[in-house]
Amino acid sequence: MLLTDSPEMNFQGSFSYKNNNISCVKFSTNIHLRIVKQNLYVAKIYFVDDNENNIQIPNGIVLRDNFNNVNIPPDTSTGYGTYLISWIASYTLLRNNVEIFALRNQQQQLIEGPNVFEYNTIEN
């Protein structure tokens, strides 16, 4: 995690609140981020080392709620810092005020209906 300038952010996959998959990001040796669903509305972000042991939130790391424009305080009740997030907001993970990771709410809805109707999109 030696980034000093904001990197170009590219699509790297998605996290779902509808399954039990754990999303993983390796930032560097011994610093891995995990995102795990707690329920249909809340997920937990936490950090582990190379052996999957929980570690403290790395120095300089802040999670920003972009929807409300506030930093999320970590929950330290487990002895290790974790962040609780919701599917409603988008989030940015900052290291020393540099954006290094983001979770973007896509603000989309699936359109479903019977095949007897015609569906299209008018682009503006």
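Over the chain, calculate the relative contact order: mean separation of alpha carbon pairs under 8 Å at least 6 apart, over the residue count, as a percent.
Values: 196 pairs, mean separation 23.1, N = 124.
Taking the mean separation of contacting Cα pairs over the length of the chain, I get 19 percent.
Long-range amide H contacts for Phe101: which residues qualify at under 5 Å (H placed 1.01 Å from N, peptide plane, sequence gap of 5 or more or a different chain)?
So Phe101 has HN proximity to Leu93.
Taking the Cα centre of the chain as the origin, how large is its charge dipole in debye, to the nearest 20, when only Lys and Arg (+1) and Asp and Glu (-1) carry charge on their Cβ atoms?
Working: 8 positive and 11 negative charges, 63 e Å.
Dipole about the Cα centre, nearest 20: 300 debye.
Could you work out the local net charge near Ile85, counting Lys and Arg as +1, Asp and Glu as -1, over the other residues with Cβ closer than 13 Å to its Cβ? Spell out each step's value before the answer.
Working: positive: Arg34, Lys37, Lys44, Arg64, Arg104; negative: Asp65, Asp75.
Summing Lys/Arg as +1 and Asp/Glu as -1 gives +3.
Between Asn20 and Phe67, what FRET efficiency follows from the Cβ-Cβ distance if R0 is 22 Å, with the result rounded to 0.05?
Working: r = 25 Å, r/R0 = 1.15.
Once the sixth-power term is evaluated, E becomes 0.30.
Which distance in Å, rounded to a whole number, links the C-alpha centroids of the range 81-124 and the range 1-75?
16
Is the shape of the range 1-78 rounded, prolate or oblate, going by the alpha carbon gyration tensor and its root eigenvalues a ≥ b ≥ c, with a/c under 1.5 for rounded and a/b larger than b/c for prolate?
Values: a/c = 1.24, a/b = 1.12, b/c = 1.11.
Note, shape of the range 1-78 comes out rounded.
Please list, in chain and number order, the residues 5+ apart from Asn71 or on another chain whose amide H is under 5 Å from its amide H, with Hs placed from the backbone.
Amide H to amide H, under 5 Å and 5 or more residues apart or across chains, Asn71 pairs with Asp65.
Just so you know, all these numbers are worked out from the coordinates, no wet-lab data involved. On a predicted model such as this, the values are computed, not experimentally measured, just so you know. Every residue, glycine as well, gets a Cβ built from its backbone with ideal geometry; the counts of neighbours run over all protein chains shown.
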